[in-house]
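Enquirer: Submitted below is the structure of interest, expressed as C-alpha cells.
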C-alpha cells in the first residue's frame, strides 16, 4: 500500500494526520501549497516568528481566510481549520498535534524543536537541513530513545540522496560519492559532468 492510499484511508476513517508546521518561508510555503489539497492530513497550526508572514504565505498558496482563523489548536481540530501563531514550542506541547514539520532554516531553533518533540512525544519531519547537517545523527538517536520518528522530508535533496544510496546498496552496489545534483547543472561550470565530479576536476 503506497502513501497516497494510506492517506486516503486516514481521510475515509475521519482520522487525518494532525500536523503543525514551524516556519512559513520558502519550504514551508511549498508544503502549504500541497497540504491544502492532499488527503488524510489536517494542518492544525502554523507557527512563524511573524504571524503576518504566515498568513500571507497561506493566502499566497490558496488558503481562504475562513480556513485559517482557528483561535487555538483545539478550536482548529474542532472546526477543521488552521491556527496561526508565533509560538512553535506551544504547538509542540499541544495535545492536538501528532507530527511537527520544522522548516525554520535555523539550526538552533531546529535542534530545540526536535528535543521538545522528544519530550512531548511528537514525530518530526526535518526540513531544516541546517539543523540536520549540524546534529542530525544525534537528534535521530535521541528521537529513537524517545520512541518517536525523526525523518527527513521526502522530496528534499538530503532525503532523495539517502534514498538513492539505500537503493544502490539494496541493488548490491556501493555508492562511493554523493552530492547535490544542482552542482552538476551550474551555469558557471558548463563542462561539469558525473565523470568530472568523480575525478574531482572542474
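The values are calculated or read from the model by the stated rules, or taken from the named source; none is laboratory data. Predicted model, so just to flag it, every value in this text is computed and none were measured. With ideal geometry, Cβ positions are generated from the backbone for all residues, glycine too; neighbour counts draw on all protein chains shown.
Enquirer: Every residue in the range 36-51 that is in contact with a helix residue (DSSP H, G or I) (Cβ under 8 Å, 6 or more places away or on another chain) and either under 11 Å from residue 20 (Cβ atoms) or assigned to a helix (DSSP H, G or I) (or both), please.
Expert: Scanning the range 36-51 gives 42, 43, 44, 45, 46, 47.
Enquirer: Could you tell me which residue of the range 1-34 is surrounded by the most Cβ atoms within 10 Å (Cβ to Cβ), considering only residues that are under 19 Å from residue 78 (Cβ atoms) and without any contact (Cβ under 8 Å) to a residue 40 or more places away in the chain?
Expert: Filtering first and then ranking leaves 16.
Enquirer: Could you identify the single residue in 97, 101, 111 that is under 16 Å from the mean Cα position of the chain (by Cα) and over 13 Å from residue 19 (Cα atoms)?
Expert: Values: 97 fails: over 13 Å from residue 19 (Cα atoms); 101 fails: over 13 Å from residue 19 (Cα atoms).
Only one candidate passes the filter, namely 111.
Enquirer: Additional query: Could you please find all residues in the range 12-27 being at pLDDT 95 or above and in contact with a strand residue (DSSP E or B) (Cβ under 9 Å, 6 or more places away or on another chain)?
Expert: Within the range 12-27, 16, 17, 18, 19, 20, 21, 22, 23, 24 meet the criteria.
Enquirer: Of the residues in the range 52-80, how many are surrounded by fewer than 20 Cβ atoms within 10 Å (Cβ to Cβ) and part of a helix (DSSP H, G or I)?
Expert: 13
Enquirer: Also: Going by what's in this entry, would residue 139 be described as within 28 Å of residue 176 (Cβ to Cβ), in contact with a helix residue (DSSP H, G or I) (Cβ under 6 Å, 6 or more places away or on another chain) and at pLDDT 95 or above? Walk me through how you get there before you give the answer.
Expert: Working: within 28 Å of residue 176 (Cβ to Cβ): yes; in contact with a helix residue (DSSP H, G or I) (Cβ under 6 Å, 6 or more places away or on another chain): yes; at pLDDT 95 or above: yes.
Against the criterion (within 28 Å of residue 176 (Cβ to Cβ), in contact with a helix residue (DSSP H, G or I) (Cβ under 6 Å, 6 or more places away or on another chain) and at pLDDT 95 or above), residue 139 qualifies.
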